[in-house]
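Take this structure, written in structure tokens, and hold onto it; I'll ask about it next.
Readers should treat all values here as calculations from the given coordinates under stated rules, not as data from a laboratory. On a predicted model such as this, the values are computed, not experimentally measured, just so you know. Here the Cβ positions follow ideal geometry from the backbone for every residue, glycine too, while neighbour counts run over all protein chains shown.
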Amino acid sequence: MAGSSTALNALILTACFSLPGFCGGVWIAVVPVYIAEFAEDGIRGMLSSVMVVGLTIGILFAYVMGSLITWRWLSIICSLFPLLCLGSILWMGIPESPRYLLAKSEKEKAVGSLKWFRGAASLEKVEAELTKVCYTYFPASLIYF
């Protein structure tokens, strides 16, 4: 949207407003799947709810700010949030989900990924959880721990 503040014609303006909408749609599709694959049972619903509440607050913010400032400043301000989010994702280096890595038969990477998500969890707990994932999602395979 930052490009929309300096757009010289309608085509550039349309592209600058369409790209964030497309990215938001991809975000809505990808984040719940990622959360479902790594979150513990006790917090999975809460994490999904936080995403939806955050989206709703963002839309409310844009409406309120849109009534107070010009559309050029609104496009610049609204561009900052996705850039901060992308920057934090790239800076943190979020790993692939353990379930995806197990599907690719990369057990060591799956253990490292789940250990990253669980923080200080012991290796035994991580392997027990991965065994549960294997029994649930890959019952016919031989990738058990």
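Evaluate the charge dipole of the chain about its Cα centre and quote only its size in Debye, nearest 20, assuming +1 on the Cβ of each Lys and Arg and -1 on the Cβ of each Asp and Glu. Mind showing how you got there, number by number?
On the way: 10 positive and 9 negative charges, 35 e Å.
Here the size comes out at about 160 debye.
Additional query: At 7 Å along the Cα-to-beta-carbon direction for both Leu19 and Ser105, put a label point, then send me their distance in nm to one decimal.
4.1
Oh, and also: Sequence gap at least 6, Cα distance under 8 Å: using those rules, report the relative contact order of the chain to the nearest whole percent.
21
In addition: Provide, as a two-decimal number, the C-alpha radius of gyration of segment 49-90 over 2.2 N^0.38 Å, N being how many residues it has. If you can, show how the numbers build up before the last one.
Working: Rg = 11.4 Å, N = 42, 2.2 N^0.38 = 9.1 Å.
My calculation over the Cα atoms of segment 49-90 gives 1.26.
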